[in-house]
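The values are calculated or read from the model by the stated rules, or taken from the named source; none is laboratory data. Model, not experiment: these values are computed from the prediction. Here the Cβ positions follow ideal geometry from the backbone for every residue, glycine too, while neighbour counts run over all protein chains shown.
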Amino acid sequence: MKRVSVTSHGLTAGMLSPAASKVCSALSQSGFSAYVVGGAVRDLLLGIEPKDFDIATNARPEDIKPLFRRAHIIGRRFRLVHVIVGQETIEVSTFRASGTETAEKDESGRVLRDNVFGDQPEDAKRRDFTVNALYFDPATSQIVDYHGGLADLRKRVLRIVGEPAVRYREDPVRMLRAIRLSAKLGMTIAPATKAPIKDLAHLLEGVPPARVFDEMLKLLLSGHASAALRQLREEGLHKGVLPLLDVILDQPLGERFVTLALAQTDERVINGKPVSPAFLFAALLWHEVLAGWKTGIEDGERPLVALERAMDNVLDQQCEKLAITRRLTATMREVWSMQPRFEMRSGQRPYRLVESTRFRMAYDFLALRAASGEVAGELEAWWRGFYAAGSDDRKAMLVPESAARGSTKRRRRRRVHSGERTSSEV
Ligand code: ATP
Ligand code: MG
């Protein structure tokens, strides 16, 4: 263990959020130790603004809760306390013993329960990476470093604490975290930390889908999704995670579409704009839906029936593996099923479409389809114009019913291309 003072690491108590400072000082005034730990310490040392602050303490949940006006004990597997101060929620957890020796495990070595309290050295040992096992004490501005995390941080190396294969068996999600954090932080995964991943990737299949989903969502919304997904593929980790990613990326149209969707998402995250997980998942799975839709039509199903069935099939498969929540799938369905309606540019239908609540998202989706070459750019431009136009201009833009019914060469080509039908046929 090393105690490193502020002169050599540069982290000061003033860099903490007001809520984090407040929670730490309340704990220490009551005679407990309190450290900022994990991602926040790591990010501050790297000059990145932390997403949130986690605090580790020797106080037990029932000791912590009464110290704060708004605090809740949460968690079934492991009890911790959420302290709410202003807009912030601070996660306060009691030092825990490392699961490696004590915990109950399944036959693959996965830890099922590790709710045993411990001391700080034990707590450091059960953390995933050395750079995540740094404890900052605001009272002294010292960093406590048990596993050489400060040196690894300087070298930009992500290294697991302990024996890599054992730690991945205990919790396979750590493999996903390795990829996500290395992409987010621009760090290299240490060779020994990386080596077992290929062989152990299949263990992710045994992890509860909701946990995989949470971690995948963090990865996709990290601002570095393109890089992380590339690396997931290289390590063979996409298989148990996004089972259809292989198929999607094998399709020439699909690859361009997915690449564009990810690049656009990364850009939005980096510029601090909101992104919708539903939109992203809808994009990742769109070409699966398209393929199923096309097959249905070829089998003689009515286009809208075929689309419904294709959406059902894709969502059934994905929900089983990824635990995509109902709220997300409802939005994904809306975005998908609005796509054929963009082909209808006459009568009242365009007005109804622009008025629907999901229009913006569905239009953004259309724009992505146009950018990837799946539909004509002219269609996207028409909707952009229609959305922006006043009522007179809108009226002038409408395609006459007769023309809409006629099948132009371009439309026919597009239909064959994407498996879609024109307005008159839907
Ligand atoms: P970020 O918040 O930027 O995504 P983080 O490292 O803070 O990254 P969290 O999920 O917030 O990630 O976890 C907080 C801390 O808890 C980590 O820094 C690490 O010390 C510990 N931790 C999280 N997940 C695991 C895990 N699966 N195994 C061991 N320790 C973990
Ligand atoms: Mg965090």
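What to note about this one:
- Selection within the stretch 38-70 - acidic (Asp, Glu) and more than 16 Å from ligand 2 (Cβ to nearest atom): GLU62, ASP63
- Neighbours by Cβ (under 8 Å, 6+ apart or cross-chain): first from the stretch 116-134, over 19 Å from ALA190 (Cβ atoms); second of a type outside the set (A, V, I, L, M, F, W, C) and assigned to a strand (DSSP E or B): VAL116/ARG96; PHE117/THR94; PHE117/ARG96; GLY118/ARG96; GLN120/TYR35; GLN120/TYR135; GLU122/ARG96; ASP123/ARG96
- Within the stretch 156-197, considering residues that are in contact with an Asp or Glu (Cβ under 6 Å, 6 or more places away or on another chain) and over 15 Å from VAL131 (Cβ atoms), the one farthest from ligand 1 (Cβ to nearest atom): ILE197
- Pairs linking a residue in the stretch 254-267 that is of a type in the set (Lys, Arg) to a residue that is surrounded by 16 or more Cβ atoms within 10 Å (Cβ to Cβ) and not in a helix (DSSP H, G or I), with Cβ atoms under 8 Å and 6 or more positions apart or on different chains, are ARG256/SER372.
- Single unsatisfied condition, ALA19 versus (1) away from ligand 2 (no atom under 16 Å from the Cβ); (2) in contact with a Gly (Cβ under 9 Å, 6 or more places away or on another chain): (1)
- Each residue in the stretch 338-380 was checked for being over 24 Å from the mean Cα position of the chain (by Cα) and assigned to a helix (DSSP H, G or I), and 18 of them qualify.
- A search for C-beta distances below 6 Å between a residue of the stretch 326-351 that is of a type in the set (Ser, Thr, Tyr) and any residue that is outside any helix (DSSP H, G or I), counting only pairs 6+ apart in sequence or on different chains, returns SER346/LEU398; SER346/VAL399.
- Residues of the stretch 71-100 classified as within 16 Å of ligand 2 (Cβ to nearest atom) and of a type in the set (A, V, I, L, M, F, W, C), total: 7
- In the set ILE64, ILE84, ILE74, only one residue is away from ligand 1 (no atom under 13 Å from the Cβ), more than 30 Å from VAL269 (Cβ to Cβ) and either β-branched (Val, Ile, Thr) or outside the structural domain of GLU205 (by TED's automatic domain parsing) (or both); that residue is ILE64.
- Residue count for the stretch 25-40, restricted to those that are within 16 Å of ligand 1 (Cβ to nearest atom) and of a type outside the set (Val, Ile, Thr): 5.
- If only residues of the stretch 108-136 that are assigned to a loop (DSSP other than H, G, I, E, B) and over 29 Å from the mean Cα position of the chain (by Cα) are counted, the one that is surrounded by the fewest Cβ atoms within 10 Å (Cβ to Cβ) is ASP119.
- Restricting attention to the stretch 137-152, the residues that are surrounded by 19 or more Cβ atoms within 10 Å (Cβ to Cβ) and farther than 13 Å from LYS2 by Cβ total 1.
- Among (1) buried (at least 17 other Cβ atoms within 10 Å of the Cβ); (2) more than 30 Å from GLU163 (Cα to Cα) - the single one GLY14 does not satisfy: (1)
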